[in-house]
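Below is one structure; the comments refer to it alone.
The values are calculated or read from the model by the stated rules, or taken from the named source; none is laboratory data. What you are looking at is a predicted structure, and each value in this text was computed from that prediction instead of being measured. A quick note on method: Cβ atoms are made from the backbone with ideal geometry, for glycine too, and the neighbour counts reach across all protein chains shown. To get the accessible areas, we keep the full protein, side chains included, count just its heavy atoms, and leave off ligands, DNA and RNA. Shrake-Rupley method; radii C 1.70, N 1.55, O 1.52, S 1.80 Å.
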Amino acid sequence: MNLVISASTPSFEGQFDQRFGRCPYLILIDADSRDWRAEKNPGCRASTGAGTQAAQFLAQRNVGTVVSGHFGPNAFAALDAADIRMYQAEGGTVESVLDSYLADELKPVQTGGQKASRRRGGRGRGR
């Protein structure tokens with residue numbers, strides 16, 4: 001698995017969720033084969049540190065890229081430290097967000113706490 005998309009439901013056809021740290025599900029996807037599996041987000045119900053917990057969960061699974069709508073400053077720092085690339089999407093289904101990612105239509109994220117920004121160009125590597 002090399003890509004994660006934040007989601008509201010545990011489904012590839014389900015809705016994308018703008019919240020990284022508080023989304024109920026993280027959809028882990030092999031971008032080449034489109035094989036996927038849903039994982040419950042361990043940070044979803046955390047009283048504090050939701051984004052950091054979700055970032056650690058992804059780092060433990062050697063994820064190379066994550067797509068969400070908003071990354072808080074702590075989640076951004078944890079993902080950046082784990083060398084996980086971050087991209088911003090606006091909405092749609094998990095599948096449509098994947099299609100936008102593969103078409104190189106998503107904005108890379110530069111800083112945490114902002115909804116739109118620019119970071120590293122291109123999709124680069126996916127672990």
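For this structure, a couple of remarks:
- Subset of segment 16-35 [open to solvent by 10 Å² or more (accessible area, probe 1.4 Å), in contact (Cβ under 8 Å) with a residue 40 or more places away in the chain and under 15 Å from ASP99 (Cβ atoms)]: PHE16, ALA31, ARG34
- Test: residue in segment 51-70 that is under 14 Å from GLU95 (Cα atoms) and either polar (S, T, N, Q) or at pLDDT below 95 (or both): yes
- Neighbours by Cβ (under 7 Å, 6+ apart or cross-chain): first from segment 56-84, open to solvent by 10 Å² or more (accessible area, probe 1.4 Å); second among the charged types (D, E, K, R): ASN62/ARG127; HIS70/ARG19; HIS70/LYS115
- Taking segment 45-55 as the range and being open to solvent by less than 30 Å² (accessible area, probe 1.4 Å) and either part of a helix (DSSP H, G or I) or touching a Lys or Arg at 6+ places or on another chain (Cβ under 7 Å) (or both) as the test, the residues that pass are ALA50, GLY51, ALA54, ALA55.
- Of all residues in segment 4-13, those being crowded, with 17+ Cβ neighbours inside 10 Å and not β-branched (Val, Ile, Thr) number 3.
- Selected residue (criterion: least open to solvent (accessible area, probe 1.4 Å)) from residues of segment 85-110 that are without any contact (Cβ under 8 Å) to a residue 12 or more places away in the chain and part of a loop (DSSP other than H, G, I, E, B): ALA103
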